[in-house]
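Just below is one structure, and these are the notes that go with it.
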Amino acid sequence: MRKNIVAGNWKMNKTLQEGLALATELNEVLAGATPNCDVVIGTPFIHLASVAATVDTTKINVAAQNCADKESGAYTGEISASMVKSTGANYVILGHSERRAYYGETAATLKVKTELALKNDLTPIFCIGEVLEERESNIHFNVVKSQIEESLFDFSAEDFGKIVLAYEPVWAIGTGKTASAEQAQEMHAFIRQTLTAKYGEAVAQNTSILYGGSCNAGNAKELFSNTDVDGGLIGGASLKVADFKAIIDAF
């Protein structure tokens, strides 16, 4: 059975001290709870080791928001997958629309990053999704299919089975707009059909597909009730424990 996952993406927010306070508060809130989903927090690189040492990692998984497409070497400012793993993190967010748009990440680059993440026993949360112009041009299904095929379809079924997907309609990130529950389910079902055609029913049915795009406490329950929506990749709402906990409780 595939996992239900609620993953927070803190993006470039919180100083180290603020991040530790947020992680500590979330840890305390979840101490007496048994969530019906896996909980992941994606922190800035400088937080990873401290946060991983602070939280109960049986309840809260720690993710990096990116990793390099090189194993090691003279790449000033970059953070390798092995470095991420050494902090105690066990997830890494790859291919977020902001990385694609602002830093020019390509399908080929993301394929290498995914390879290195898997090599270092990190679970990739691999982001896919269309911009508003692509949806309005009715090519959103083709865009998402191409993003999956070009970066991930050279992996074996065994390796692909270790990847989590996150569908993020780019037009709904931080805009207050949200894909309707019906739109989310339609795309998630299409993604699962695409996986079935490539890897077969078993792999497709065991792949967690998260929704990312202004998911919040008010709409999480409706979104998560869809057959093919297995959780959320949460941005702004993950920066306040009460809001994030309400999304976790939507399961």
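Only a single criterion out of (1) touching a residue at least 12 places away in the same chain (Cβ under 8 Å); (2) outside any strand (DSSP E or B) is not satisfied by Glu134, namely (1). Of the residues making up the stretch 1-35, those that are closer than 24 Å to Asn226 by Cβ and surrounded by 13 or more Cβ atoms within 10 Å (Cβ to Cβ) are Arg2, Lys3, Asn4, Ile5, Val6, Ala7, Gly8, Asn9, Pro35. Of everything in the stretch 205-248 that is touching a residue at least 60 places away in the same chain (Cβ under 8 Å) and in a loop (DSSP other than H, G, I, E, B), the residue that is nearest to the chain's Cα centre (by Cα) is Gly212. Only one entry of Ala179, Ala157 meets the criterion of being at negative phi and either surrounded by 16 or more Cβ atoms within 10 Å (Cβ to Cβ) or within 17 Å of the chain's Cα centre (by Cα) (or both), and that entry is Ala179. Of the residues making up the stretch 24-49, those that are small (Gly, Ala, Ser) and within 21 Å of the chain's Cα centre (by Cα) are Gly42, Ala49.
Is it true that Gly213 is crowded, with 16+ Cβ neighbours inside 10 Å, closer than 18 Å to Pro169 by Cβ, in contact with a Pro (Cβ under 7 Å, 6 or more places away or on another chain) and not β-branched (Val, Ile, Thr)? Answer is yes for this residue.
We did not get these values from a lab; they are worked out from the coordinates using the rules stated. Because the structure is a prediction, the values reported are computed rather than measured. With ideal geometry, Cβ positions are generated from the backbone for all residues, glycine too; neighbour counts draw on all protein chains shown.
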